[in-house]
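Colleague: Supplied in structure tokens, the structure appears directly below.
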Amino acid sequence: MLYSPIKFRNLELKNRWVMSPMCMYSCDQGVPNDFHFVHYASRAQGGTGLLIVEATGVVPDGRITHKCTGLWNDEQTQGFKIIVDFIHQNSESKIGIQLGHAGRKASTWVGKQLSLEDGWETVAPSKIPYAEGERIPHELTIPEIKKLVEDFKDATRRSLEAGFDLIEIHAAHGYLIHQFMSPLSNVRTDEYGGSFENRIRFLIEIVDAANELLDENHPLFVRISGTEYAENGWDIDDSVKLAEVLKSKNVDLIDVSSGGNIAGTKITLFDGYQVPLAAQIKKETGMKTGAVGLIKSAELAEEILEKEEADLIFVAREILRNPYLAIQGSFEAKDECDFPHQYDRARI
């Protein structure tokens with residue numbers, strides 16, 4: 001199954017390998033550069049079915065760091081277009097982009113919050129800092145929330161102008177959308193806080209806004225943290241409920257990660273440690289899911305697919321180590337994978 005095609009709306013992926021979005025911290029003013037060109041193009045040459053560009057801020061203060069990618073102006077749009085055009089012209093890979101806002105986890109460097117002199121004021125659903133000793137974030141007003149929904153929509157428009165094949169909304173890892181979803185970081189008493197329906201409202205409004213621009217050729221994914229590993233926090237049952245809602249909102253796949261919203265959380269790591277979260281969502285809702293989390297081999301990826309625990313295999317660290325992971329896996333499986341014609345003499 002790993003090298004079988006799959007369709008989302010009208011977009012067909014040639015195989016189930018996905019390069020998971022990973023921050024590279026290598027931009028100036030949010031503009032992708034030659035490093036990003038080589039980084040993403042090499043994974044396309046490696047046969048990866050889908051590449052998803054790192055978490056990209058929809059506004060300047062939505063970036064995790066001052067070196068993160070952004071998509072709020074024409075220069076950034078054009079920088080991405082150069083990369084996207086090359087990949088489309090030189091491989092069968094498809095390429096998407098992850099749009100996000102870091103919220104209270106913005107304005108950092110090397111994992112530490114920057115001073116206001118070196119960084120910027122952070123925002124959040126409530127006046128609760130991420131970690132002890134950090135500044136209290138600005139609590140977003142309702143007009144500010146509505147403006148951010150429009151910012152996500154504008155970034156979606158720019159993504160389409162750059163030629164991206166799909167959009168992923170980043171609602172995981174303790175960033176702004178996740179902060180709204182969790183009762184531990186959102187203690188609002190208005191229409192964006194309190195009940196489950198109110199806490200997911202920000203995400204649903206962003207999904208609706210993006211889908212106003214997306215057509216049958218451009219799918220929409222959402223990345224979530226299946227659980228935040230904290231008592232009384234967001235958990236897998238909430239994720240299943242959310243999946244039911246997103247399924248009715250024309251979301252094509254849920255990319256299931258975990259954690260990130262509560263500082264100091266201890267997570268037991270092992271190969272495929274987050275796969276059960278994707279599997280439960282898929283089993284209970286019928287929603288297509290992506291599995292991610294220390295998936296290091298084609299054998300494990302194939303097993304996940306054969307067991308119907310997920311529909312796509314998102315790979316992060318292993319594809320940093322080996323841009324040709326998909327091609328090499330196809331050699332071992334004696335299967336077909338997109339292979340650059342320039343490299344034909346290296347076929348096994």
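Colleague: Among the listed residues I200, I128, I142, I136, identify the single one that is out of contact with any helix residue (DSSP H, G or I) (no Cβ under 7 Å at 6 or more places or on another chain), free of Cβ contacts under 8 Å to residues at least 60 places away in the same chain, of a type in the set (A, V, I, L, M, F, W, C) and under 24 Å from L213 (Cα atoms).
Modeller: Of I200, I128, I142, I136, the one residue that is out of contact with any helix residue (DSSP H, G or I) (no Cβ under 7 Å at 6 or more places or on another chain), free of Cβ contacts under 8 Å to residues at least 60 places away in the same chain, of a type in the set (A, V, I, L, M, F, W, C) and under 24 Å from L213 (Cα atoms) is I142.
Colleague: Consider G47 against the criteria (1) at positive phi; (2) open to solvent by 10 Å² or more (accessible area, probe 1.4 Å): it satisfies all of them except one. Which criterion is unmet?
Modeller: Single failed check for G47: (2).
Yes or no, residue by residue, for (1) without any contact (Cβ under 8 Å) to a residue 12 or more places away in the chain; (2) part of a loop (DSSP other than H, G, I, E, B); (3) hydrophobic (A, V, I, L, M, F, W, C); (4) surrounded by 14 or more Cβ atoms within 10 Å (Cβ to Cβ):
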residue: E75; (1), (2), (3), (4): no, no, no, no
residue: F80; (1), (2), (3), (4): no, no, yes, yes
residue: F86; (1), (2), (3), (4): no, no, yes, yes
residue: I95; (1), (2), (3), (4): no, no, yes, yes
residue: Q98; (1), (2), (3), (4): no, no, no, yes
residue: S115; (1), (2), (3), (4): yes, yes, no, no
residue: D118; (1), (2), (3), (4): yes, yes, no, no
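Okay, residues lined up against (1) without any contact (Cβ under 8 Å) to a residue 40 or more places away in the chain; (2) closer than 17 Å to A155 by Cβ:
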residue	(1), (2)
R16	no, no
C23	no, yes
V31	no, yes
Y40	no, no
G46	no, no
T69	no, yes
I83	no, yes
Q89	yes, no
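Colleague: For the range 140-177, which positions are open to solvent by 50 Å² or more (accessible area, probe 1.4 Å) and touching a Ser or Thr at 6+ places or on another chain (Cβ under 6 Å)?
Modeller: Passing the criteria: only E161.
Colleague: Another question about this same structure. Would it be correct to say that S26 is buried (at least 20 other Cβ atoms within 10 Å of the Cβ), of a type in the set (S, T, N, Q) and within 21 Å of V110 (Cα to Cα)?
Modeller: No.
Colleague: Search the range 313-348 for residues being of a type in the set (S, T, Y) and open to solvent by 30 Å² or more (accessible area, probe 1.4 Å), and hand back the single one that is farthest from A55 (Cα to Cα).
Modeller: Narrowing the range 313-348 to residues of a type in the set (S, T, Y): 324, 330, 343.
With open to solvent by 30 Å² or more (accessible area, probe 1.4 Å) added as a condition, the list becomes 324, 343.
Values: Y324: 23, Y343: 31 Å.
Looking at the filtered set, the residue picked out is Y343.
Colleague: If you scan the range 180-198, which residues turn out to be touching an Asp or Glu at 6+ places or on another chain (Cβ under 9 Å) and either assigned to a helix (DSSP H, G or I) or among the hydrophobic types (A, V, I, L, M, F, W, C) (or both)?
Modeller: Correct list: M181, L184, F196, N198.
Colleague: Based on this model, can you work out whether I281 counts as farther than 25 Å from A102 by Cβ, under 18 Å from the mean Cα position of the chain (by Cα), open to solvent by less than 40 Å² (accessible area, probe 1.4 Å) and among the β-branched types (V, I, T)?
Modeller: no
The values are calculated or read from the model by the stated rules, or taken from the named source; none is laboratory data. For clarity, every value in this text was computed on a predicted model and none was experimentally measured. Backbone-built Cβ (ideal geometry, glycine too); neighbour counts: all protein chains shown. Side chains included, ligands, DNA and RNA excluded: accessible areas come from the protein's heavy atoms. Shrake-Rupley method; radii C 1.70, N 1.55, O 1.52, S 1.80 Å.
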